[in-house]
Amino acid sequence: VAIAGKGTEPLAGLRFPLQDSSTFREVLRTGEPIVFADTRGEERFLAKVREVLGDGKMIAAPIRMDGAIRGVFYFFDESIDPAWDPADVARAKEIGHDLAVLLERVRLHRALFEWTRTLEARVQEHEARLASIAQAEKLATVGELISGVAHELNSPLAVVIGYANLVGRDATLPP
């Protein structure tokens with residue numbers, strides 16, 4: 001089994017060696033499965049496929065979802081007997097649809113995972129900001145407390161210093 005995605009974006013984020021084969025392009029063009037009873041007799045279509053999969057029989061079926069072809073599914077069997085029958089082709093079409101659903105789920109799962117990572121990073125940034133704000137509020141409170149203590153100490157100290165200055169100027173004042 002091999003899968004190849006359509007377009008510049010890899011299918012479900014994966015790259016496949018058969019994406020550039022002429023079989024792949026033909027299935028995309030026609031939208032229908034291509035059946036090969038023996039890949040050895042089909043060099044025109046199968047040079048790349050044979051390089052990757054070897055010799056045998058093969059069905060190249062579209063991976064179709066919501067009417068759009070998302071890629072190509074290659075069902076390969078090394079034996080050429082018995083030949084593929086219409087039920088095999090129908091099963092390959094069904095598998096192509098199932099693969100489209102599966103690959104869409106993989107894409108959605110990856111998107112959800114990435115979104116979750118982004119959200120977690122934002123939560124951590126937010127928590128760091130909250131911790132920074134809390135630290136700033138604590139420092140502001142300590143600053144206010146120290147300012148109040150300094151004011152409370154400064155008032156009586158100013159009286160003592162003022163009296164000491166008076167005593168220093170006038171020696172007749174009582175201590």
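The string of couplings for segment 25-33 from the Karplus curve (6.51, -1.76, 1.60, θ = phi - 60°) is 5, 5, 5, 5, 5, 8, x, 10, x Hz, one whole number per residue in order, with x for Gly and Pro. For segment 88-94, backbone phi angles converted through the Karplus equation (6.51, -1.76, 1.60; θ = phi - 60°) give residue-by-residue couplings of 5, 5, 4, 5, 4, 4, 4 Hz, Gly and Pro being listed as x.
Across all Cα atoms of segment 53-115, the radius of gyration (one decimal) and Dmax (whole number) stand at 14.5, 49 Å.
Full extension of the chain segment joining ASP77 with ARG129 gains 12.8 nm, where the gain is 0.36 nm per residue of separation less the Cα-Cα distance.
Express the carbon and sulfur contribution to the solvent-accessible surface of segment 35-165 as a percent, rounded to the nearest whole number, probe 1.4 angstrom.
Working: 5520 of 9120 Å².
Summing carbon and sulfur atoms, their accessible area is 61 percent of the total for segment 35-165.
According to the Cα-based calculation, Rg over Rh for segment 57-171 is 1.81, with Rh computed by the Kirkwood formula. Computed with a 1.4 Å probe over protein heavy atoms only, the accessible area of ASP170 comes to about 60 Å². Panel note: the C-alpha atoms of segment 99-166, placed on their principal axes, show extents of 98, 11, 5 Å (largest first).
The values are calculated or read from the model by the stated rules, or taken from the named source; none is laboratory data. Here the structure is a predicted model, which is why all the values come from computation and not from measurement. SASA here: full protein model, heavy atoms, side chains in, ligands and nucleic acids out. Shrake-Rupley method; radii C 1.70, N 1.55, O 1.52, S 1.80 Å.
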